[in-house]
Structures are given as C-alpha cells and as structure tokens.
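A quick write-up on the structure given underneath.
The values are calculated or read from the model by the stated rules, or taken from the named source; none is laboratory data. Predicted model, so just to flag it, every value in this text is computed and none were measured. Quick reminder, even Gly has a Cβ in these numbers, built from the backbone with ideal geometry, and neighbours come from all protein chains shown.
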C-alpha cells in the first residue's frame, strides 16, 4: 500500500510555486505542469449585478496540445473584496455533458484528497479540481487531468460587495484574465427592469464587455424601497457574533405632489432689509418652479405682509401665473410684521381651494411684536391644514439649513414642516438655487438619523445625523453579544420614520463569506475562521473547494509529487443700512438716548398732523431693528377722540426710522406733556 503523502508539504510547495511565478497587476497566470502546450482557450464571465453584491460565474476552458495528460494550474488575481463561493467541473455522465459540483472541505483535507486522486495507480481513476486560498487577493485553481488534444472546462463563482452611492450600486472591476484571454463578460441583473451602466453610460442587459482594462459598473434599481435595510448576525466561536448591516435610501425619497395648493407668504417689512426682501422674492420664485410640471396641476397664491396683508390675486391661480407675477412684485418696505394675519389669510385661501395637498411657505426674518409668541403662530399654522415651512432669509451663496433649535421651530413641525435658514444671491442666475430649494418642495433626506442594534448600542460611533436620498451606510464588525434586531429612526421633514429589521439567514451566509475579502478577517484566528467559512461556503485560509468527476480516461497516469450653518435674520449689507452703532453712538445731548428723542419728535409730528397740537400724549411701541412692529392704543390728553387716536396710530405706523435703531427688539415709551 503506498504511503500517504503529507498534505501540508503539498500546500507549502504550491505556495512556494506561487511566489516564483511572475505576475502583473490584475492578471491571472495559466500554465500546464508538464507542457507549455497546455493553454487557455477562453475565459467567460456571467456577471449578475444586484443591490449589495455582484456575483461572477467565471468559466475557464484550457486545451492540452501536449502528448501527455497534464495538470492545468491557474493563479486567479481577485478584484478587491472578492471571495470564491463555488466550484464545478464539466465532464460526462452517462455519455452526456454534466457539471460536477465542488464540495467545501477543510483545506488540508481537500489538498490531500486532490493529491491522492492525481497520484499514480492504487486509486480508482477520478478527475478532480481544487480551488484553494493563497492570500486575500490570490487563489489557486488546479485541474487534472487534461487529456492530450482535448479541452477541459471548469467554473468558479466569485462574490464581490458593491458600494451604494448616488442611488446606484457601484462595482470597480480591474482587468481580469490573461493578456491573451482577457475575461469576456456578459452583464445581467436580477430584475430585468433594472438599469446597468458601464463607465457611466447606460447599457442593456446582456451587454458584452471585455475586461482588458479597469471598468466601473453600476446598477440603478427600477423600484428600490424607500429605506432598504438588511441585517446579518452570525454567531461563531464561544462568544463572537459577526455583524453586518446596511441602510440604503432610494434614489428618490419622495415626489412633488399633484394638485398641490400652495400659498407663499413674503415678509415685506423694514427689518428684512431691501436685499433680504429681494432674496425672499427669488426664493418664492424658485420654490414655486418645482410645482410647474405639466401633469402636476398646482395652483398658488403669493401673499405679502408688513402691517397689512395683501394677496396678489385674492385666490389661487395656476402656478405659472403666480411665478410670472413675482417678476413684477415690488417690496419697498414698511413697518409691521403681521405674521398672524398672513397665516390667517393662508387659511382662508386654502379653505376655499379645490381638493389637493396643502403647502404654505413663510419667508420672514422672524422679527415681530412681543405678544406674537410661537404658541399663537403654531395654532394658526396648524389651522391652515397645510404643511408649513418657515424660511428665515439672508443674502449669500445658495443654501438651506434646518433650524430645529429656532424659537419658531414648532410653528413648522406641528404641521410636518421645518424651519429653515435660507440664503440666496438675488443677483445670481435664476436657475442656480433650484436644486438647493428642492427640499422645500419635497423631503430629500432623513434627518436626526438613529441606528441601533438591539440589545446592543450601535458599535460604530460615526453614524451621520443626516442621510441623503440615494446614499447609504454600512457597518461590518464583530461583537460579543447576540443581536436581536436593527432599529432605524429619523425624520422626513419633521414626520417620524422608523423601520425594524431582523437578521436574515441569506444575508448571514453572504457576509460570512465576504468576511474573507475584508480586513476584518485579520481579527480572527483559524479556529474562529472555520465556522464562518463553512457557513458562508467560501474558500479561505482554512477551507478549499474540491470538485470530483468519475474518471473516464483509459490511462491511470498521475502526477509525481514533484510536479505538484444655520445663520438667522439679516446679514451684513442688508438694505436697511444698519451701521451697528455702539451705545455711545446713541447718546444725545444731556445724556439721553438719541433714539428716544427721535421717537418723541416723530410722535409729536404725527399728532400735530392729526390736529392734536398742544395735547399731552402717552404712547408705547415696539421695534425690531429699524422697524416698528407694534403701536399700542395711545392716551391723548383732553376730551376722548377716537378719530384722533386712530389718526395718530396710523401716523406712527407710517413713520420710517433711521438705521440707528438696531436693537433686535425693544419697547419704547413716549410720554409728552401738552
């Protein structure tokens, strides 16, 4: 009985051979053990690109032009992250072509069996193929025998993780195969409606590709879930759990609603400043343009407000008409910020409007009278029945930022909307802010994102607070406790979204295999690798594939052993021309505040103009910057005169203030003797 060779010597010899064979980047090596006349005929790959993984089924055919049975040896240069999860060899069974599936075995056992089956005599003839690990980027494939003057075909399966970005799964492939026979690839998808891309260009399913250079493949799914999340949790060893999860947002999280009824409220008051008022008009235009699609059927109205409220058309009109009207809108500025009255007008407009989703956009600097607290505005916003957004505007590069800590944040969130810091360049191209302000028309990201793996806290600390549509995140790690489920929470605008995902067996097998293409592998010893390799069905440092077909060759000739920002309010340069004087710049003669003297003079002038000369007057008012936002009922000396009182109030409201008034908010008392 022949002695049994030590399989470790065989594996070591092959490893040494691998080190001696010249190689180039992204290039396989194919040769015959006995003859240079064993050559490769073809290298065909059937590649299926799916969300999260690409599966490559590589079919290699060699031809033996020599005079003896030979062994074909291939060193397979793997793409980054690739692992081998299958092997089969083509032979005959009952006179017909037949594929013989490989079996995953412990690596040394597979090597020993291969050597036995390729030895001289003593064994019933078998035809084996062995796929084994060299390192993370290199596999060895051995096939014996290849009879003289015949072909031999083997097939192995690779899996490669994809990267999700901009709504597509991306796969970077290097040149594959040999210089003489670069891989010829046919591209496929799981869903025939999915769209494939090669180097950014769309291609059809079945597209042929020769991998003689680097290529970027991508997949856009026809119908991706809004939130696509998977969880793999594979226990191994005494305490370890291999954990992988990913979260991918659909390329489009939402759409512009049809038949929307939209009201835009524009603050035209002094404190906005001339530039900010122009920003508000530009923002209103850009916002409404998102509703102009021919099939959207949107209607809109623009309402301006200061002390008074003015609707442009006194009813909803086609959205294009509302946009055209903005080109002719002039906002010279005035006192007063009647946000409450503006919201009430929006309610009235929408109450009488045809059925359809309701939207209100309030563009303001959020500076108003003290009595107008957020609680009051919140009630009015909710009463509109619309999703209300509040935009605080300033001039600058186009941007949009949530202001969840703003004093008025609840005014929007109670309706499902958001309070924003909005910046635009009113002199810039009209189409520039379009993409930036799309988020006002539809939610495009999940904010306040939380991802938790129960019962663990998330093992990764850099989960983003925001995840944009078309983007994803993934975690691949090892934990020491069991995993029950994955919990995802966040907000679309201010509407809560949540999803719970449980471990999936198929995902567990996939990531147990893909571990061996990841740096995480180096955290494990061989004892820990074994259960994961077997679970994933993958070639690894501890496992190999061995495919055996019944031998039909007449010869038993074998191989010898030696052959083996968030800024609020108005910015600098605002149209109000605030010069930012310090307190010393406001001191007049006698140590009095110069602004007090100005107010007293203006009030006296207004009273005189109404015919109240020589009367005493007591009046309280509020300002925000250089804008009067509240005039309380006055007390006028002498006989009660309602007409005179109203005339005085109207006169004060019409009084412009100089830029020296620059307090964010201030209450003033005017008390003049007759």
Report summary line: Condition set within 24 Å of the chain's Cα centre (by Cα) and buried (at least 20 other Cβ atoms within 10 Å of the Cβ), scope region 508-532, selection nearest to residue 239 (Cα to Cα): answer is 511
Report summary line: Checked region 615-629 for anything in contact with a helix residue (DSSP H, G or I) (Cβ under 6 Å, 6 or more places away or on another chain) and outside any strand (DSSP E or B); matches are 625, 626
Query raised in the report: Hey, any hits in region 328-346 for a residue that's more than 14 Å from residue 309 (Cα to Cα), in contact with a helix residue (DSSP H, G or I) (Cβ under 7 Å, 6 or more places away or on another chain) and either outside the structural domain of residue 285 (by TED's automatic domain parsing) or crowded, with 24+ Cβ neighbours inside 10 Å (or both)?
Result: no
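Matching residues to (1) closer than 30 Å to residue 424 by Cα; (2) touching a helix residue (DSSP H, G or I) at 6+ places or on another chain (Cβ under 6 Å); (3) assigned to a loop (DSSP other than H, G, I, E, B):
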{"position": "440", "(1), (2), (3)": "yes, yes, no"}
{"position": "443", "(1), (2), (3)": "yes, no, yes"}
{"position": "453", "(1), (2), (3)": "no, no, no"}
{"position": "470", "(1), (2), (3)": "yes, no, yes"}
{"position": "491", "(1), (2), (3)": "yes, no, no"}
{"position": "498", "(1), (2), (3)": "no, no, no"}
{"position": "510", "(1), (2), (3)": "no, no, no"}
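Give the residues of region 630-647 that are assigned to a loop (DSSP other than H, G, I, E, B) and either within 24 Å of residue 661 (Cβ to Cβ) or in contact with a helix residue (DSSP H, G or I) (Cβ under 7 Å, 6 or more places away or on another chain) (or both), sorted by residue number.
Once the filter is applied, which keeps residues that are assigned to a loop (DSSP other than H, G, I, E, B) and either within 24 Å of residue 661 (Cβ to Cβ) or in contact with a helix residue (DSSP H, G or I) (Cβ under 7 Å, 6 or more places away or on another chain) (or both), region 630-647 yields 632, 633, 634.
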Requested in this report: Take the residues in region 398-422 that are surrounded by 22 or more Cβ atoms within 10 Å (Cβ to Cβ) and in a helix (DSSP H, G or I), then tell me which one is nearest to the chain's Cα centre (by Cα).
Outcome: 412
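To keep it simple, each residue is scored yes or no on (1) under 22 Å from the mean Cα position of the chain (by Cα); (2) at positive phi; (3) in the same structural domain as residue 409 (by TED's automatic domain parsing); (4) exposed (fewer than 15 other Cβ atoms within 10 Å of the Cβ).
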{"site": "474", "(1), (2), (3), (4)": "yes, no, no, no"}
{"site": "479", "(1), (2), (3), (4)": "no, no, no, no"}
{"site": "493", "(1), (2), (3), (4)": "yes, yes, no, no"}
{"site": "496", "(1), (2), (3), (4)": "yes, no, no, yes"}
{"site": "500", "(1), (2), (3), (4)": "yes, no, no, yes"}
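Of these, 517, 537, which one is at pLDDT 95 or above and at positive phi? Working first, answer last.
Working: 517 fails: at positive phi.
Only one candidate qualifies: 537.
Inside region 96-205, counting only strands (runs of 3 or more DSSP E) that do not spill past its ends, which hold 2 or more residues that are within 21 Å of residue 71 (Cα to Cα) and out of contact with any helix residue (DSSP H, G or I) (no Cβ under 7 Å at 6 or more places or on another chain)? Write out each step before concluding.
Details: elements: 96-106, 126-135, 138-146, 151-161, 163-165, 168-173, 183-189, 195-198, 201-203.
Result: 96-106, 126-135, 138-146, 151-161.
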